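Each reported figure results from applying straightforward, stated rules to the coordinates on display, with no laboratory input. Here the structure is a predicted model, which means the values were calculated and not measured. Quick reminder, even Gly has a Cβ in these numbers, built from the backbone with ideal geometry, and neighbours come from all protein chains shown.
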Amino acid sequence: MIKTDILIIGAGPTGLFAVFEAGLLKLKCHLIDALPQAGGQCAEIYPKKPIYDIPGFPEILAGELVNNLMKQIEPFQPGFTLGERADTIEKLEDGTFIVTTDKGTKHHAPIVAIAGGLGSFEPRKPPITNLSDFEDKGVEYIIRNPEMYRDKNIVISGGGDSALDWSIFLTDVAKSVTLVHRRNEFRGALDSVEKVQELKNLGKIELITPAEVIGLVGKERLEEVVIKQGAEVFNRECDHFIPLFGLSPKLGPIADWGLEIEKNAIKVNNALDYQTNIPGIYAIGDVNTYPGKLKLILCGFHEATLMCQSAYQRIFPDKRYVMKYTTVGGVEGFDGSKKEAPKAVVKSID
Amino acid sequence: MKDIKITITDRQGVKHQVDAPTDMNMNLMEVIRSYELAPEGTIGICGGMAMCASCQCYVQSDHPLPEMGQDEDLMLSEAFHVQDNSRLSCQIFITETLNGLEVELAPEA
């Protein structure tokens with residue numbers, strides 16, 4: 001069981017900044033994120049895109065912002081449970097919470113802060129009518145264990161980086177790799193496209209373009225995919241079909257936590273502290289809604305700051321505290337580090 | 001500058017005629033969101049960077065549209081329910097020449 005003061009669900013910019021604000025109050029944080037890396041949308045969707053409305057940064061790449069936030073929170077030694085989705089929450093008699101992920105990891109904290117953005121990223125599934133019949137019977141959307149494809153016939157579809165990268169990787173493992181894409185052009189990185197071209201020339205990848213997988217055939221397990229290329233429709237034997245069409249955020253299991261939901265977002269008390277209808281559970285950043293809500297990173301930072309002050313009062317109801325400026329109090333890390341403004345040098349005039 | 005009229009068929013098949021300003025640097029996805037014609041979180045997920053296809057629409061009228069950029073073209077090559085008249089509405093900026101435009105939202109995917 002992982003124990004912490006504030007359990008943050010979602011490691012995007014808002015969740016990361018909450019670690020800093022909590023740290024100033026000597027509160028420890030642990031973050032859960034469904035993605036394998038921190039940064040949320042900034043890292044997953046648009047790391048190379050510039051952001052122009054972060055105060056004090058005329059321009060910063062989304063990926064750089066995440067790197068800076070990670071550096072800023074480093075002294076507060078946050079814990080991370082990455083690649084796991086927060087699935088269930090249980091409120092104990094003492095008012096604390098246990099949050100369990102889809103992989104069974106348990107986290108215990110007096111405060112839960114949901115900073116889940118638009119939700120956890122789930123694979124986008126192509127509209128093939130019997131697709132769900134073959135899930136885990138030959139159809140996988142995420143490659144977890146490449147070894148399961150050893151000496152198998154694999155069909156991958158998609159035109160982005162993951163389709164290209166996995167096609168390249170699996171040529172060394174699988175018996176055959178076929179990549180199906182609706183266009184001759186690919187959206188992925190240029191060197192990946194060139195590598196696939198090279199492997200195609202060597203006969204290691206079969207490329208079927210412009211084409212689409214439109215059906216699946218099999219009794220117990222997947223046996224064939226149906227491919228449409230122009231006017232021609234044909235079947236191709238395969239053991240696995242891996243559609244790789246990127247990820248799309250879904251609110252997911254959090255929607256069933258008993259929280260008040262409006263417009264796919266969690267209603268919070270914005271006049272006070274961004275707490276939800278369940279005391280002890282807060283929602284900050286893009287995942288929350290209130291009158292006048294704006295889904296901006298800078299608003300998420302503000303919400304995270306107020307949430308932490310409220311969380312402190314909730315954890316220590318009898319303690320008095322006033323907010324301290326970092327310029328005055330410096331930053332004392334849990335790792336023993338200390339940053340503070342240099343002391344003025346006083347010199348007398350004779 | 002004046003507002004223009006756009007007819008938008010939502011995902012339930014209901015037609016809405018809306019006014020869209022030509023002087024606010026708005027794109028069609030934002031117009032759809034401003035009238036709440038699709039639930040938040042199901043449209044404009046990437047914010048309008050042609051990186052998610054959640055704002056895909058079918059253009060039904062014969063208006064001269066801005067040419068499709070490479071980002072949009074390649075995103076559509078991976079989107080679902082794509083038809084010949086598919087566009088990403090975030091890439092269609094509101095200008096006076098689009099007065100009377102008619103579009104239908106593609107299904108959520």
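Structural remarks
- Subset of segment A:123-140 [within 11 Å of chain B (Cβ to nearest Cβ) and touching a His at 6+ places or on another chain (Cβ under 8 Å)]: A:Pro127
- Of everything in segment B:27-55 that is closer than 17 Å to B:Thr7 by Cα and in contact with a Phe, Trp or Tyr (Cβ under 9 Å, 6 or more places away or on another chain), the residue that is surrounded by the fewest Cβ atoms within 10 Å (Cβ to Cβ) is B:Asn27.
- Residue count for segment A:149-170, restricted to those that are in a loop (DSSP other than H, G, I, E, B), closer than 19 Å to A:Lys137 by Cα and touching a strand residue (DSSP E or B) at 6+ places or on another chain (Cβ under 8 Å): 1
- Filtered residues of segment A:245-260 (kept if more than 9 Å from chain B (Cβ to nearest Cβ) and under 26 Å from A:Ala43 (Cβ atoms)): A:Leu247, A:Gly252, A:Pro253, A:Ile254, A:Ala255, A:Trp257, A:Leu259
- The listed residue being within 14 Å of another protein chain (Cβ to nearest Cβ), surrounded by 20 or more Cβ atoms within 10 Å (Cβ to Cβ) and in contact with a His (Cβ under 8 Å, 6 or more places away or on another chain), out of A:Gly119, A:Gly158: A:Gly158
Residues are listed down the side, and each one gets a yes or a no for (1) in a loop (DSSP other than H, G, I, E, B); (2) in contact (Cβ under 8 Å) with a residue 60 or more places away in the chain:
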{"site": "B:Thr7", "(1), (2)": "no, yes"}
{"site": "B:Val18", "(1), (2)": "no, no"}
{"site": "B:Met75", "(1), (2)": "no, no"}
{"site": "B:Asp84", "(1), (2)": "yes, no"}
{"site": "B:Pro107", "(1), (2)": "yes, yes"}
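- Residue pairs meeting the criteria (Cβ under 7 Å; at least 6 apart or on separate chains; first away from chain B (no Cβ under 12 Å), in segment A:180-192; second in a helix (DSSP H, G or I)): A:Ala189/A:Asp161; A:Ser192/A:Asp161; A:Ser192/A:Leu164; A:Ser192/A:Asp165; A:Ser192/A:Ile168
- Selection of segment A:314-350 for residues being in a helix (DSSP H, G or I) and surrounded by 10 or more Cβ atoms within 10 Å (Cβ to Cβ) yields A:Arg314, A:Ile315, A:Thr326, A:Gly329.
- Test result for B:Leu101, under 14 Å from the mean Cα position of the chain (by Cα), farther than 22 Å from A:Phe186 by Cβ and more than 14 Å from chain A (Cβ to nearest Cβ): yes
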